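Report on one structure; see the data block that follows.
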């Protein structure tokens, strides 16, 4: 069963609704109100049907919810009790008011589908009650037709009756208002005499179906009005004659135009959002915005964006009709000049959208930069235009200018709201695309800088280091020679430090761009550990720290080699062990292990240093992170590069530490499956 938030809400507030309704009906209708009638169960029965229809959630509701026996009984009872039909109709009007007042008071915004079901149930109940009332007092109603017309004229929907030939015999004020007719112009005429042929054919087809089936029918119908076509949800049912055969068709039509427009607008905004979400290239985003605009909103579109010079630049034009493409291109060199008084430029300056409907020759004169531009605008023949600012994060980026050539189309508040909604979404997309373009330019700049670093700096740095080595080898043993040797050693240390920094920067760029080169092959994990220990043994000896390789507890040694890029993994071990030696006290031990961990080999390095606090531990593998405990200088890239290398192998790296108890750094590498011969594969 579909979810029914509105049904749940009404069920929870049922007592409140009934009390509100009884109070209102008593206040407005007095003795004729439902509170003074014997059939007080009419409201609970109606609510039972309404809740069932909402929970079923289908449009239209099932037949058991479209025919209200309680409403028929209630209508007949009210006629027999001498209650006026206005009171009967008003009861349902009060019920409708109470329903929506309760929704507003509780801040609930139901879905359009739920509102349609609610509206249908109320309208159908009114229909059934009125039909029963009419059937019970046919003679009386004929004598008081003026009263009936007054009642129907208060109804919030179009109500009408047609004879078998399709001629209108009864219409209410709502019907006449929607079609812009007088009662004399409507009565006695058919739909083919009142509305466009295609619309009349569809409406007449529905009427004939009601008569043929002798059963109610619910359909959406399109009918012309003074302000354009309107969509109605029409409930039609036959009025039986003495032989129980239909003699007429009665209809109640609720105008859904605003709801349909709201649904269409929402659908269009969803389409715009999806299209713009897929576009991050700046130029492509401009084209997407323009094409979306002409596909739905206007005949042509111009996008003017502010440049660094503070002036507007026409970056994109589009037209629905390909034949207008050349004319549109002729307008490209003529963006509005800021400060010129141009109406479009004022939209940018004030941030206030503009509607020009209709466009006058004075508007074209004010918009034209010269005679050639005026001729192009005249050829485009715009009849109405909407100009909306493109604003993102409080910054005005430019304007979107939309126009129509249709002389029968006028732009108003609804079109302005729609265009502004598109403009708001377009501005965000353009701002994101601009940021993306700037980021791409920054990446290219960084790559250019790295190219300079790797080639134009590293090579001369190597020459400096080699020259320092030559000086060191040829330094004499006298005082001048010893002084030269000290200078040469200082130069070598500095060049080595700079070389490592350059290598770190190049590795950083490769990791961030996803281009880190790895050449993994089968490697013995313990051999890697021993090689790392051998390389760092002199440093450990200088600091008085024992550097050792230990097997896994219980003698567990990886059964298969690790899949590893030897030089890169030694770089990882060198960084981790180097940090361990840096922070461990003299006389302590740094222990290296390699052991199996499922399909991986787990490497670990345990030191006896001061440990890392819980606030710092999650960040030690971040770029440019430095331990607060460190008194040494460094780039803060070492562990970040370690993470990039390990993850590039398909492994992971992490650390465990408690202040005062040292730090354990672990990482995994995939284990090579054994080959048929029992040896790992490369």
State, as an integer percentage, the relative contact order of the stretch 157-255 based on alpha-carbon contacts under 8 Å between residues 6 or more apart. 29
Once you have a ≥ b ≥ c as the square roots of the Cα gyration tensor eigenvalues for the stretch 264-430, tell me rounded if a/c is under 1.5, and otherwise prolate or oblate according to whether a/b is larger than b/c. rounded
Computed over the chain: relative contact order in percent, which uses C-alpha pairs under 8 Å that are six or more apart: 6
Degrees between helix 638-648 axis and first principal axis of the chain (Cα, 0 to 90, nearest 10): 60
Quick one: grab Rg to one decimal and Dmax as a whole number for the stretch 235-338, Cα atoms only, in Å. 24.2, 84
Pairwise over distinct Cα atoms, reciprocal of the mean inverse distance: report the Kirkwood radius of the stretch 316-372 in Å, one decimal place. 12.8
Considering all alpha-carbon pairs of the stretch 88-140, what whole percent are spaced by more than 11 angstrom? 72
Ratio for the chain, C-alpha Rg to 2.2 N^0.38 Å, reads 1.57
Tell me, what is the Rg over Rh of the stretch 157-255, with Rh the Kirkwood radius over Cα pairs? 0.94
What is the helix-to-structure angle for 479-513, meaning the angle in degrees between its Cα long axis and the longest Cα principal axis of the chain, kept from 0 to 90 and rounded to the nearest 10? 20
For helix 42-56, what angle does its Cα long axis make with the longest principal axis of the chain, in degrees from 0 to 90 and rounded to 10? 40
Rg/Rg_ref, the stretch 447-513, where Rg_ref = 2.2 N^0.38 Å and atoms are Cα: 1.41
Let me see the pair-distance distribution of the stretch 345-464: every alpha carbon pair, 10 Å bin width, integer percents in order. 12, 28, 23, 13, 10, 8, 5, 2, 0
Rounded to the nearest 500 deg cm²/dmol, what is the calculated helix-only ellipticity per residue at 222 nm for the chain, with -39500 (n - 2.57) per DSSP H run of length n ≥ 4? -17000 deg cm²/dmol
For the pair residue 420/residue 435, report the inter-label distance in nm, with labels modelled 7 Å from Cα in the Cβ direction. 2.5
Sorted from largest to smallest, which semi-axis lengths in Å does the alpha carbon gyration tensor of the stretch 491-622 give for its equivalent ellipsoid, taking the root of 5 times each eigenvalue? 24, 22, 16
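Readers should treat all values here as calculations from the given coordinates under stated rules, not as data from a laboratory. In this text, all values refer to a predicted model and were calculated from it rather than measured experimentally. A quick note on method: Cβ atoms are made from the backbone with ideal geometry, for glycine too, and the neighbour counts reach across all protein chains shown.
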